[in-house]
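Trainee: Pasting in a structure now, in structure tokens, and then I'll have a few things to ask.
FYI, it's all coordinate maths here, none of it is from the lab. This is a predicted model, so every value here is computed, not measured. Using ideal geometry, Cβ is built from the backbone for each residue, glycine included, and neighbour counts are taken over all protein chains shown.
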Amino acid sequence: MAPTTHLALINVFIGDIQGGLGPFLGTWLAQMRQWSPSQVGLVTTLVGAGVLLLSGPFGALVDRLGRPRLLIVISCAAILAGTLLLMPAHSFVPVLAAQFLAAAGGTLLLLAVTGLTLGVVGKEAFPRQQGRNQAFNHVGILIAAGLITFGTAHFGPEIAFWVLGAMAAAAIAATLAMPARAFNRRRAVGFKEEDEAEPARSSYAQIFTNRRLLVLAVALALFQLGNGGMLTLLGQKLVHTADNPTAWTARYVMVAQLVMVPVALAAGSLADRRGRRQLLIAACLALPVRAALSAFIDDPVWLISAEILDGVASGIIGVAVPVVVADLTWGSGRTQTALGTVNAVQGGGGALSAWYGGLAQEWFGWSGSFLALGAAGVLALALVWWLAATTEDSRSQHRRSRRDERRRAALSAEKPA
């Protein structure tokens, strides 16, 4: 098989596992353990706060070790172990420990797959391949969600654990089947393949003082503050407003993933033709609209419209962020380090999202909690719109450049001939 076919298989199987139980965790804890939204939010926040500290070091590990296939196998094993340990867990500490193990594996997995992709296809083909990766990733989530939807009626909510276990085993097998020669370490970090000596890597100070990278990280943190806990909160709302909330949560996941497939493919193509900045603006714009729909609609059928927008926003973000980070750090030898750090910052927003949404629910009710999440999306949109978060100039920079050009032209005209 071609290396890109191996990438497709890997992404199909890791789609369901990289987030552990994901949105099913809150629904499962609320239904099977009778946890409140604030309890679910607290454990999710603590786990997110812990693993975000590992994201930057994990990225540095991927850059330095240069063996992403090995790291993918280790990540899948950690996710599987952590998720299965949730089944017998009832109290807070065992649930926290099991979820932390799974989340740490997911953090490393994302960076290892990105590094593997860059090492296989190179920088020029990366945007389109990242779009394909995300499309296959969402197909895998869609398959798993379908199995959970149809299996819940016969086996109960525990079916989510067994589906995840099967996908993790398949992901490990697909990774081991990929030939090692398909990966080029220099290609993965932006070094020229024909050079005999390996160039010096950029310093950490050069990476972490990159203004555009900092703006991108803050905007993504705000985006995830609004987006990260929205489906989890919606699943908990369904426990009180609908029958069979686990099945409805699975349907929403299926709808969102189904939308993400064409969106990811389109985003991979549009990243080169229309620019990265336009993609980020579209993703941030979809989030507050989705929040408003979730706030004022109670009918689970009509709430599908909100999850269509989730598919649009998340599908774009999954493609655009690694591509933008690669643009900003190419040739530095620190691409995955930078991506891991950006993921840590946006992960901080995602970790706070469940707690923030749960707290808002207790203060303002269900509608107020979703509107509070949407407000973070509005702030993210403002940052991406007005400031430079990509290699393309923002509107304010375009205006500044035009003013400078007019000023220089005026000064030239005033000079005597």
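Trainee: Once you put a point 7 Å from the Cα of S36 and another 7 Å from the Cα of R64, both along the Cβ direction, what distance in nm separates them?
Mentor: That separation, rounded to one decimal, is 4.4 nm.
Trainee: Hey, another quick one. Just how large is the dipole of the chain about the Cα centre, in debye to the nearest 20, putting +1 at every Lys and Arg Cβ and -1 at every Asp and Glu Cβ?
Mentor: Details: 32 positive and 22 negative charges, 289 e Å.
I would put it at about 1380 debye.
Trainee: Of the candidates R132, R187, R64, which one comes out as most mobile in a Gaussian network treatment of the chain with C-alpha springs shorter than 10 Å?
Mentor: Residue with maximal mean-square fluctuation among R132, R187, R64: R64.
Trainee: Length gain on complete extension for the stretch A173 to A81, per 0.36 nm per residue less the alpha carbon to alpha carbon distance?
Mentor: Working: separation 92, 0.36 × 92 = 33.12 nm, distance 1.65 nm.
Between A173 and A81, full extension yields 31.5 nm more.
Trainee: Return the long-range amide H neighbours of G228 (sequence gap of 5 or more, or a different chain), with a cut-off of under 5 Å between placed amide H atoms.
Mentor: Close amide H contacts, sequence-distant or interchain: none at all.
Trainee: Compute from the Cα atoms of region 173-332 the Rg and the Dmax, the latter being the longest Cα-Cα distance, and quote both in angstrom.
Mentor: 19.9, 64
Trainee: If you take the square roots of the eigenvalues of the alpha-carbon gyration tensor of region 94-164 and sort them as a ≥ b ≥ c, do you get rounded (a/c under 1.5), prolate (a/b over b/c) or oblate?
Mentor: Numbers: a/c = 4.95, a/b = 1.63, b/c = 3.03.
Taking the square roots of the gyration eigenvalues as a ≥ b ≥ c, region 94-164 is oblate.
Trainee: In square nanometres, what is the average projected area of the Cα convex hull of the chain?
Mentor: Values: hull surface 91.1 nm².
Projected over every direction and averaged, the Cα hull of the chain covers 22.8 nm².
Trainee: Among V255, A320, A344, flag the residue with its Cα farthest along the positive direction of the charge dipole of region 250-364, charges on Cβ as +1 for Lys/Arg and -1 for Asp/Glu.
Mentor: Most positive-ward Cα: A320.
Trainee: Relative contact order (percent) for the chain, with alpha-carbon contacts under 8 angstrom and 6 or more residues of separation?
Mentor: Values: 739 pairs, mean separation 111.7, N = 417.
Over the chain, the number comes to 27 percent.
Trainee: So what are the ³J(HN,Hα) numbers for region 37-50, from phi and the Karplus equation (6.51, -1.76, 1.60; θ = phi - 60°), rounded to whole Hz, Gly and Pro as x?
Mentor: With the stated coefficients, region 37-50 comes to x, 5, 5, 4, x, 5, 5, 5, 5, 5, 5, x, 5, x Hz.
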